[in-house]
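The values are calculated or read from the model by the stated rules, or taken from the named source; none is laboratory data. All of these numbers come straight from a predicted model, not from anything done at the bench. Counting neighbours? That spans all protein chains shown, and the Cβs are built from the backbone with ideal geometry, glycine included. Ligands, DNA and RNA are stripped out before the accessible areas are found, and what is left, the full protein with its side chains, is counted by its heavy atoms. Shrake-Rupley method; radii C 1.70, N 1.55, O 1.52, S 1.80 Å.
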Amino acid sequence: MTKIFLLILILALSVQAKPATIEIWQASMEESIKIMKTLIEEHFTPNTGIEVRINTMPGGTEQWNKVLLAMATNDTPDLAIIGSEWPLEFGIRGGLVDMKAMFGQEYDELFKLSFPGLNQSLDYYKTGFGLNLSFGQTLTYYRNDIFAENGWGVPRSWDDVRTLLPKMQAKKMNLGSSVWYLIPDWFGAYIFMWQNGLREVNTERTKTTWDSPEAVKAFKEFCELFTKHNVPKESIPFISSISSGDYPLIVGISWDYSNLYLGAPNLKGKWELCLTPGTKQKDGTINHSAYIGGNPYVMFKGSKNKEAAWEFLKWWLQPDIQKEYAKRQWDHLNLIYQPATMEAYNSLSFIPENHLKVMNEQTKACKAPLFALGLVVSQRYLTNAARSVVIGNANPETEMLKAADLANQEMARKQKEYTRFINELNKKK
């Protein structure tokens, strides 16, 4: 009997000692995941015994649907990378671990490694549903050779832009946007609000601020770029537009940088980065706020390996590991990866120093949208308002107030739906 008991005990201990295997869903290129796996096999697994299985997943709407279905069927991985404004949307549905509540100070320390503006989408009461891995941001590019030939100064403010546009347009050139940030969409409306010192929701996160005089003023200024100053209403193809010189000033996104730096050798020395045009403040400074969006990790409630998953995040998000990951992506893939970890981002030696300086300054000026119940889905009302003004010649104040009313109704419905959750959060304040 004693021998049988010892055998059972040994078998039980061997089962307990079996190293954990965590599963991660990641929306990344296969080549990038191979580099990630190599780093894990070199450094993480040998030191912890924890195996890591990584599966690719789609982006955008498919990604949202996949995660939502996984939570509904309780068939989730341990960790996943999701959209920048999604952690709280999924967290309030009860599908994610509040890592701040579970891991306390360790979570706070990891959270502080990222740029403050980038973290704003994850900051809601005292919850901690996400940790940013990387990000994309607004970057503005210009043809320095064309500017020099014409004697134009690089615009720092929208006043400068409005002065420059007639000169550019007289030569059949223009300002354009390669992404959604400067076309009739909510992104651009937010940028102008932020630069005018206004956030998109009130302090309590219960209503938008879109019906305030400051928001209406910012919205009008934004729409007038298209209605009065003839900036293109749709996004433009980046490489061909800047290469031809038809658009010597382009408000774009950070991933345009790799395409231009590596994909247009004929333009070497003919382009530079500048801060996104800003709004002059009363004290004479210029507010260059622009959009930034992260790629956060979340941990699922259904995870059976929460401690092991946390050990992975603590290792993977460290500056030295993220710096090495960025370096290897550049060395092997010619891909510029932007780690959310500030220390790693600031040490990307393969980016020219003058470019990194502008990118760093712009990143510090950028903001991520704040989270509020019902706000993410309500952003479409702001887009609809901008398009009604720019395409349909509607009155900007009327459309802005209409968008605010619709958004506030949506937010009120969501607050009622999640009353119990909000009450629980209020207890933590």
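A compact table of results
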{"read-out": "Hydrodynamic radius of the stretch 212-318 per Kirkwood, over alpha carbon pairs, in Å", "value": "18.4 Å"}
{"read-out": "Where GluC sites (Glu not before Pro) fall in DSSP loop in the stretch 211-252, at most 15 other Cβ within 10 Å", "value": "234"}
{"read-out": "Rounded percent of accessible protein surface that carbon and sulfur make up, the stretch 266-420, 1.4 Å probe", "value": "48 percent"}
{"read-out": "Stokes-Einstein D in µm²/s, Kirkwood radius over Cα pairs - the stretch 288-429 at 20 °C with 1.002 mPa s viscosity", "value": "111 µm²/s"}
{"read-out": "Rg/Rg_globular for the stretch 292-345, with Rg_globular taken as 2.2 N^0.38 Å and Rg from C-alpha atoms", "value": "1.31"}
{"read-out": "Projected-area average for the stretch 109-191 over all orientations - Cα convex hull basis, square nanometres", "value": "8.0 nm²"}
{"read-out": "For q = 0.24, 0.25 Å⁻¹, Debye-computed log10 I/I(0) when each Cα of the stretch 364-428 counts as one equal scatterer", "value": "-0.97, -1.00"}
{"read-out": "Nearest-ten-degree value, helix 213-227 long axis tilted from longest Cα axis of the chain", "value": "70 degrees"}
{"read-out": "Order by protection proxy (mean Cβ within 10 Å, highest first), peptides 206-213, 366-373", "value": "366-373, 206-213"}
{"read-out": "Calculated P(r) tail over 15 Å for the stretch 326-389, as whole % of Cα pairs", "value": "67 percent"}
{"read-out": "Table column - 3J(HN,Hα) (Hz), the stretch 108-119, Karplus curve with 6.51, -1.76, 1.60, x for Gly and Pro", "value": "4, 5, 5, 4, 6, 5, 8, 4, x, x, 5, 6"}
{"read-out": "Å³ per residue enclosed by the Cα convex hull of the chain", "value": "162 Å³"}
{"read-out": "Cα-derived Rg over Rh, computed across the stretch 161-271 with Rh taken as Kirkwood radius", "value": "1.05"}
{"read-out": "Under Karplus coefficients 6.51, -1.76 and 1.60, residue-wise ³J(HN,Hα) of the stretch 368-385 in Hz, glycine/proline x", "value": "9, x, 6, 8, 8, 4, x, 6, 4, 5, 7, 4, 5, 5, 5, 4, 4, 5"}
{"read-out": "Proximal lysines relative to residue 364, as straight alpha-carbon distance under 20 Å, when same-chain residues fewer than 8 apart are discounted", "value": "112, 280, 323"}
{"read-out": "Cα-based shape type of the stretch 258-330, given that a ≥ b ≥ c are square roots of the gyration tensor eigenvalues and the cut on a/c is 1.5", "value": "oblate"}
{"read-out": "Distant-in-sequence amide H partners of residue 201 (H built 1.01 Å from N, under 5 Å)", "value": "209"}
{"read-out": "Rg ratio (alpha-carbon, reference 2.2 N^0.38 Å) - the stretch 157-215", "value": "1.44"}
{"read-out": "Solvent exposure of the chain as accessible area per residue, Å², 1.4 Å probe", "value": "46 Å²"}
{"read-out": "Helix 158-170 axis, angle to the chain major axis (alpha carbon atoms, nearest 10°)", "value": "60 degrees"}
{"read-out": "Choice from 149, 109, 397 with maximal GNM fluctuation in the chain (Cα, 10 Å cutoff)", "value": "149"}
{"read-out": "Simple label model, 7 Å out from Cα along Cβ direction - residue 346 to residue 38, nm", "value": "2.9 nm"}
{"read-out": "Cα-based helix-to-principal-axis angle, 419-428 vs the chain, degrees rounded to 10", "value": "80 degrees"}
{"read-out": "Candidates 318, 281, 169, ranked by Gaussian network fluctuation over the chain, Cα under 10 Å, top entry", "value": "281"}
{"read-out": "Set of lysines with alpha-carbon distance to residue 414 below 16 Å, sequence-local pairs under 8 removed", "value": "207"}
{"read-out": "Estimated [θ] at 222 nm from DSSP helical runs (n ≥ 4, -39500 (n - 2.57)) normalised by residues in the chain, nearest 500", "value": "-15000 deg cm²/dmol"}
{"read-out": "Charge dipole (the chain, unit charges on Cβ, about Cα centre) - positive-most of 335, 43, 231", "value": "231"}
{"read-out": "Cα-only radius of gyration and Dmax that characterise the stretch 44-197, units Å", "value": "21.7, 66"}
{"read-out": "Surface share of carbon and sulfur [accessible, 1.4 angstrom probe, percent] for the stretch 34-78", "value": "46 percent"}
{"read-out": "Segment residue 230-residue 204, length gained on full extension (0.36 nm per residue, minus Cα span)", "value": "5.6 nm"}
{"read-out": "The stretch 128-251, accessible surface, carbon-and-sulfur percent (1.4 angstrom probe)", "value": "49 percent"}
{"read-out": "Cβ crowding within 10 Å averaged over residues, with 294-302, 260-268, 66-74 ranked highest first", "value": "294-302, 66-74, 260-268"}
